[in-house]
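Computed from the coordinates by the stated procedures, all read-outs in this text should not be read as laboratory data. Given the structure is predicted, the values throughout are model-derived calculations rather than measurements. We place every Cβ from the backbone using ideal geometry, glycine too, and count neighbours over all the protein chains shown.
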Amino acid sequence: MKRTAGSVPVIGIAGWKKSGKTTLVTRLIAELTRRGLRIATVKHAHHKFQIDDAETDSARHRRAGAAQVAVVSRERWAIVKELQAAPEPELAEVISRLDPCDLVIVEGYKRSSIPKIEVRRSAAASQEPLAEKSPNVIAIAADHVVTNARGLPTFALDDVAAMADFIAASVGLQPGEPDAEGRRSASGAARRDTPAK
């Protein structure tokens, strides 16, 4: 079943290579799931990636020409779709194919129009601020003092609880009654019925 991308709150985590995006995303997932929220993620890869080993049966199926391969076990399952020269799917299409959740965290997609937190680290591949060119950056997380925040909220890169609170407020998770499935965050936040902007 497909959903529209606007029917679930979405927050992006964007930054240059080696800025700490993946570390921050995994820490946010842990914090938000601890609060009782169901989180889905989308990770953009700039390179060719493979989720099965070269000699697994599923890899052999793909190499033989299968357009889609489903790999299923007791613990997890995945569908690998070969694009076969088709364009990379748009972010909204990918989000629409995810199962229902309280929040989608998107890693990467610097140029997408979703609201995002810019991650800055002294050791990043570039120090060029994304916020200066992207009106969709709504906050900055950094491992150093941010002098060019342009009025945006700033967080220490390791202040995950404060960022989780900010995300909850930004995407419409507010104190109140539990959601339809009875989930409530540790701080009492529950998802609003209003879709994310």
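Brief remarks follow.
- Checking every one of the GluC sites (Glu not before Pro) in the stretch 70-158 against DSSP loop status and a limit of 14 other Cβ atoms within 10 Å picks out Glu75, Glu82, Glu90, Glu132.
- Vicinal HN-Hα couplings computed from phi for the stretch 56-70 (Karplus, 6.51 cos²θ - 1.76 cosθ + 1.60; Hz; Gly/Pro x): 6, 4, 5, 5, 5, 4, 4, 4, 6, x, 5, 6, 9, 10, 9
- Measuring r between the beta carbons of Thr41 and Val145 and using R0 = 30 Å, the FRET efficiency lands at 0.55.
- Here the stretch 1-76 is treated as a sphere whose radius is the Kirkwood value from Cα pairs; by Stokes-Einstein at 4 °C and 1.567 mPa s it diffuses with a coefficient of 81 µm²/s.
- Amide H contacts for Glu107 (H built 1.01 Å from N in the peptide plane; partners 5 or more residues away or on another chain; cut-off under 5 Å): Ile13, Val42, Lys43, His44.
- A simple rule links phi to the HN-Hα coupling: the Karplus curve 6.51 cos²θ - 1.76 cosθ + 1.60 with θ = phi - 60°, which for the stretch 9-19 gives x, 10, 10, x, 10, 10, x, 6, 3, 6, 8 Hz, with x for Gly and Pro.
- Close amide H contacts of Thr154 (hydrogens built in the peptide plane, cut-off under 5 Å, sequence separation of 5 or more or a different chain): Ile140.
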